[in-house]
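Peer 1: First, the structure itself, so that you have it in front of you.
The values are calculated or read from the model by the stated rules, or taken from the named source; none is laboratory data. Since this is a predicted model, take the numbers as computed values, not measurements. FYI the Cβ positions are ideal-geometry reconstructions off the backbone, even for glycines, and counts take in every protein chain you see. Keep in mind that these areas ignore ligands, DNA and RNA; they rest on the heavy atoms of the full protein, side chains included. Shrake-Rupley method; radii C 1.70, N 1.55, O 1.52, S 1.80 Å.
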Amino acid sequence: MLSRTLAQSSTKPLFLAPRMTQCATLFSFRSPLQPPTERLYEGHVPISPFQRTLLAVGSAFAALHNPHRGDMIAALGESTGGIFLRRIRDQMLKDPEGRRILRERPKITSESMQLDKLRQLPDGIFGREYVRFLDDQQVSPDTREPVHFVDDEELAYVMQRYRETHDFYHTLTGLPVTVDAEIGLKWFEMVQTGLPMTVLSSFFGPLRLSSQERERLFNIYVPWALENGSNAKSLMSVRWEDWMERSVEEVQRELCVKPCPQV
Amino acid sequence: MATHILSSTARSGFGSRLHSVATCRLPLARSQLPHRISAIRVQSTTAQDTTAPEQYDVVIVGGGIAGSALACALASGKASSTQKIGLIEAFDLSSHAKWSPRPDQYSNRVSSLTPKSVAFLKKIGVWAELDPSRVAEMEGMQVWDGVSGARITFDAANATSTRSSFLHQVLSTSGLIGNPAADLEYRDSSFNDGSDIKSSPLAWMTENLHVQYGLQKQILGHQERGVKLDIFERTKVQGITVKQAYPTDADVSAPAGSTAADVSDWPVIELDNGKKLQARLLVGADGVNSPVRSFASIESLGWDYQQFGLVATLKVDHLTSTAPGNGVGIAWQRFLPTGPIALLPLNNGFASLVWSTTPKIAQDLKKLPASDFCVLVNAAFSASPAELEYLYKNIGPDGQPLVDFQQETEWRAGVQDMEAFRTAFGSSRTDAKPPKVIEVQENTRAPFPLRMRNSNSYVEDRVALVGDAAHTVHPLAGQGLNQGLADVECLARVIEQGLLSGSDIGNIHSLTPYSSERFLPNLAMLGTVDKLSKLYNTDLSPIVWARSLGLTAVDSMGPIKTEIMRFAMGLEDAPHSNRS
């Protein structure tokens with residue numbers, strides 16, 4: 001409502017002729033320079049379509065220039081998510097487990113995951129391998145960038161969840177965190193989610209690889225990702241928190257994911 | 001030629017609108033009934049049978065709304081009322097005249113009658129027989145895209161804001177469709193029959209049984225007046241044949257000027273009670289699987305939609321609607337990827353549902369407990385298609401819900417749902433909400449298959465087809481019955497004209513004006529409705545985007561909207577029918 005008022009106040013003086021105003025309301029309900037909504041959730045930064053475009057292009061270049069800029073990759077994902085996030089949300093709504101996630105909105109933090117307890121589990125159990133991965137990488141679930149630029153509260157949660165569950169994918173697939181393997185995982189996610197960010201990473205990521213890495217990517221990771229990405233259950237509808245005490249093989253079998261061939 | 005009579009009837013006080021394109025909610029009720037004609041024999045036999053058939057000028061097979069309306073129209077025509085008319089119906093017809101519904105119950109088969117259809121019903125005296133408390137006026141329409149939320153709204157002011165619509169004026173002044181002055185004069189004379197078109201609702205909603213009641217009352221009245229109108233009810237047609245060498249029946253009232261009729265090519269209709277009728281003109285008003293059409297070897301082309309329509313009578317709570325006037329008199333239609341769902345206004349807080357969906361979902365919906373069914377109907381007007389898909393999946397094989405529908409839908413309604421394309425189409429609009437459904441009347445949920453058919457021709461020598469026998473349409477625009485009534489109006493006019501000019505009304509040359517006037521408008525309507533149905537039967541993003549842009553654009557373009565409205569209300573004429 002607010003934006004509507006702003007839009008009208010900004011367009012009316014410009015287009016005094018009634019027909020022009022009609023056209024303006026027809027094709028854009030607000031000025032591209034106005035943010036569409038008020039602040040919808042903690043950390044939300046409402047931006048205008050113009051800013052969104054800048055952000056998407058800027059973050060894409062920054063991420064390509066330096067793949068370690070996690071914040072840029074995050075911004076790229078959020079600024080381009082749009083209808084794809086909606087599609088993931090709809091997929092989750094159709095799945096009982098996905099619905100439960102949307103309803104309860106669990107957050108993955110070191111506290112909620114009780115990492116110390118997971119460390120006690122025997123080897124080969126999903127929770128144990130997950131913590132081992134975190135420890136090896138010296139990362140924690142708490143270091144995830146919060147969502148800023150998604151203009152819908154529920155979709156922001158979906159984006160957040162997507163980000164938070166990324167580490168489980170490494171445990172599930174056995175993929176390391178080398179750049180080529182990460183791009184392989186992006187291919188997997190592209191097939192799974194269709195998020196534009198994964199598509200961009202899949203196609204532009206390889207530009208920075210050495211020929212040896214590229215060979216490995218396209219000969220091993222990509223064929224695996226294409227096959228398993230489409231076979232697997234929708235991983236966004238997996239309540240990982242409930243799977244911690246099962247063995248990695250069992251989880252792989254239930255979710256229909258074959259481990260990636262080790263290099 | 002076809003309109004020569006038109007101006008004369010208008011001047012001589014019949015004064016009704018004799019236009020052609022029209023509208024209806026459901027296919028004719030009759031079309032759903034299986035046809036009971038075991039075998040159609042088309043043969044030329046020599047006289048083996050001993051009983052000579054009784055000769056009729058017009059025999060109508062099928063006493064549904066189209067067939068009964070034709071009988072009424074013929075019986076009320078100046079020349080045609082002198083003819084001998086037969087009406088054959090497999091079910092009871094006379095009981096319709098004793099129809100006395102309870103005020104708190106509505107039949108599930110409801111149609112929307114366009115101004116054009118109502119004008120015709122007025123002309124043949126049927127409208128006056130109806131109980132006004134059971135006819136609801138439809139003042140507005142809200143139609144929206146369930147995937148994107150793009151919406152178009154219509155009200156009576158849209159349709160009648162300009163007397164002659166913009167496009168019509170352009171075409172008229174450019175000489176494409178006749179003399180504008182004559183056109184306006186014609187309009188004036190045709191609209192001044194007591195109902196001022198300016199204040200006219202978009203359509204009138206009433207039960208098909210109610211229309212049948214009015215038709216029966218009129219038919220009985222005509223019989224008392226001495227019109228030779230014979231009803232053969234609870235009688236099935238056994239076969240239709242063309243026989244040769246029957247002696248001419250002297251009783252046949254041949255049209256003036258013609259000598260004793262040669263009846264050798266008149267079809268003979270054998271009834272299951274042993275009677276035989278021989279018809280100068282045989283009219284098929286016998287539904288989608290028309291035996292008369294088979295007899296005439298007229299091919300009917302089309303397809304079955306992979307959809308069923310589910311009808312039901314509902315009770316709604318108007319206080320829950322955010323539309324002006326609490327949504328009383330507003331028709332609501334939402335296009336879902338499985339098909340459109342429509343809530344049509346009846347009186348006293350009742351509403352009629354027509355829900356087009358997949359055959360499986362339609363069957364499941366029928367079995368669902370009443371309270372869950374209401375929850376699901378409400379969700380179908382508000383929840384996202386993904387949410388609905390989840391709910392459909394959770395109807396158990398015994399019809400019991402596997403999850404708590406009430407809880408699930410309440411949760412989703414609570415979540416702020418930024419609909420797809422909201423940024424582009426409609427974030428700034430607070431869309432009116434339909435009233436909530438609170439009850440479904442017992443035993444009114446009924447599914448039926450949806451089809452599209454059009455006969456290659458509506459006439460053959462001695463045969464004419466009207467209504468569903470000639471064409472069947474998807475119910476999404478509520479046009480089927482109105483198309484049927486427009487056929488009947490036209491055929492009755494062509495017959496009357498044929499009689500006045502002394503020609504043989506069964507001859508294909510006399511019937512051709514009917515076919516040529518009705519074929520294109522019907523085909524245009526069928527095509528439009530079919531394309532709409534296909535356009536909305538997907539949730540593919542680029543298509544959703546394009547159709548939403550289109551709908552939003554049309555919604556803000558008054559003249560085009562007016563044009564669409566007039567087309568749907570039967571107020572726009574096919575160019576050839578409004579001038580001589």
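Peer 1: Provide a single number: the residues in region B:280-338 that are out of contact with any His (no Cβ under 7 Å at 6 or more places or on another chain), under 25 Å from B:N522 (Cα atoms) and in contact (Cβ under 8 Å) with a residue 60 or more places away in the chain.
Peer 2: Number satisfying all stated conditions: 30.
Peer 1: Residues of region A:92-102 being more than 9 Å from chain B (Cβ to nearest Cβ) and of a type outside the set (D, E), which ones?
Peer 2: Correct list: A:G98, A:R100, A:I101.
Peer 1: Given the residues A:E249, A:E153, which is the only one that is within 14 Å of another protein chain (Cβ to nearest Cβ), open to solvent by 10 Å² or more (accessible area, probe 1.4 Å) and out of contact with any helix residue (DSSP H, G or I) (no Cβ under 9 Å at 6 or more places or on another chain)?
Peer 2: A:E153
Peer 1: Within region A:163-171, does at least one residue satisfy the condition of being over 30 Å from A:R208 (Cα atoms), open to solvent by less than 50 Å² (accessible area, probe 1.4 Å) and in a helix (DSSP H, G or I)?
Peer 2: For region A:163-171, residues over 30 Å from A:R208 (Cα atoms), open to solvent by less than 50 Å² (accessible area, probe 1.4 Å) and in a helix (DSSP H, G or I): absent.
Peer 1: Could you check, for region A:212-223, whether at least one of its residues is more than 18 Å from A:P176 (Cβ to Cβ) and open to solvent by 30 Å² or more (accessible area, probe 1.4 Å)?
Peer 2: Looking for residues that are more than 18 Å from A:P176 (Cβ to Cβ) and open to solvent by 30 Å² or more (accessible area, probe 1.4 Å), one finds none in region A:212-223, hence no.
Peer 1: Would you be able to tell me the number of residues in region A:117-150 that are open to solvent by less than 30 Å² (accessible area, probe 1.4 Å) and within 14 Å of chain B (Cβ to nearest Cβ)?
Peer 2: Within region A:117-150, residues that are open to solvent by less than 30 Å² (accessible area, probe 1.4 Å) and within 14 Å of chain B (Cβ to nearest Cβ) number 1.
Peer 1: Filter region B:265-303 down to the residues that are part of a loop (DSSP other than H, G, I, E, B) and open to solvent by 30 Å² or more (accessible area, probe 1.4 Å), then identify the one that is farthest from B:I240 (Cα to Cα).
Peer 2: Looking at the filtered set, the residue picked out is B:E299.
Peer 1: Sticking with this structure for a sec: Just to be sure I understand the filter: pairs with C-beta atoms under 6 Å, separated by 6 or more residues or on different chains, first member in region B:434-458 and closer than 18 Å to B:I361 by Cα, second member in a strand (DSSP E or B) and of a type in the set (V, I, T). Which pairs pass?
Peer 2: Close Cβ pairs satisfying both conditions: B:T444/B:T313; B:A446/B:V311; B:R451/B:T472.
Peer 1: Moving to a separate point now. Go through the residues of region A:104-111 one by one and say whether even a single one is away from every other protein chain (no Cβ under 14 Å) and more than 19 Å from the chain's Cα centre (by Cα).
Peer 2: Scanning region A:104-111 turns up at least one residue that is away from every other protein chain (no Cβ under 14 Å) and more than 19 Å from the chain's Cα centre (by Cα).
Peer 1: Also, quick follow-up: Mind checking whether some residue in region B:341-357 is within 14 Å of another protein chain (Cβ to nearest Cβ), of a type in the set (G, A, S) and within 24 Å of A:D90 (Cβ to Cβ)?
Peer 2: Scanning region B:341-357, I find no residue that is within 14 Å of another protein chain (Cβ to nearest Cβ), of a type in the set (G, A, S) and within 24 Å of A:D90 (Cβ to Cβ), so the answer is no.
Peer 1: Sticking with this structure for a sec: I'm trying to understand the selection: among the residues of region B:355-401, which are in contact (Cβ under 8 Å) with a residue 60 or more places away in the chain and part of a strand (DSSP E or B)?
Peer 2: B:S356
To keep it simple, each residue is scored yes or no on (1) at positive phi; (2) in contact (Cβ under 8 Å) with a residue 40 or more places away in the chain; (3) open to solvent by less than 20 Å² (accessible area, probe 1.4 Å).
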residue: B:T114; (1), (2), (3): no, yes, yes
residue: B:V118; (1), (2), (3): no, yes, yes
residue: B:V126; (1), (2), (3): no, yes, yes
residue: B:A136; (1), (2), (3): no, yes, yes
residue: B:M141; (1), (2), (3): no, yes, no
residue: B:A157; (1), (2), (3): no, no, no
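Peer 1: Right, here's the next one. Go through (1) open to solvent by 50 Å² or more (accessible area, probe 1.4 Å); (2) at pLDDT 60 or above; (3) not aliphatic (A, V, I, L, M) and name the single condition A:P18 misses.
Peer 2: All conditions pass for A:P18, except number (2).
Peer 1: Cβ-Cβ below 9 Å, separation at least six or inter-chain, first residue in region B:546-557 and facing chain A (nearest Cβ under 8 Å), second of a type in the set (F, W, Y): which pairs?
Peer 2: B:T552/A:F27; B:T552/B:F425; B:A553/A:F27
Peer 1: Could you say whether any residue in region B:337-357 is open to solvent by 30 Å² or more (accessible area, probe 1.4 Å), in contact with a Ser or Thr (Cβ under 7 Å, 6 or more places away or on another chain) and at pLDDT below 90?
Peer 2: No: region B:337-357 contains no residue that is open to solvent by 30 Å² or more (accessible area, probe 1.4 Å), in contact with a Ser or Thr (Cβ under 7 Å, 6 or more places away or on another chain) and at pLDDT below 90.
Peer 1: For residues that are touching a Pro at 6+ places or on another chain (Cβ under 7 Å) and crowded, with 19+ Cβ neighbours inside 10 Å, scanning just region A:48-91, find the one that is farthest from the other protein chains (Cβ to nearest Cβ).
Peer 2: Ranking the qualifying residues of region A:48-91, first place goes to A:T80.
Peer 1: Oh, and also: Does B:E489 qualify as being open to solvent by 10 Å² or more (accessible area, probe 1.4 Å) and acidic (D, E)?
Peer 2: Answer is no for this residue.
Peer 1: Those residues that are more than 12 Å from the chain's Cα centre (by Cα) and either under 25 Å from B:W332 (Cα atoms) or of a type in the set (K, R) (or both), I need them from region B:466-512; list them, please.
Peer 2: B:R493
Peer 1: Say whether the condition of being surrounded by 22 or more Cβ atoms within 10 Å (Cβ to Cβ) and within 25 Å of the chain's Cα centre (by Cα) is met by at least one residue in region B:367-377.
Peer 2: Yes, that holds for at least one residue.
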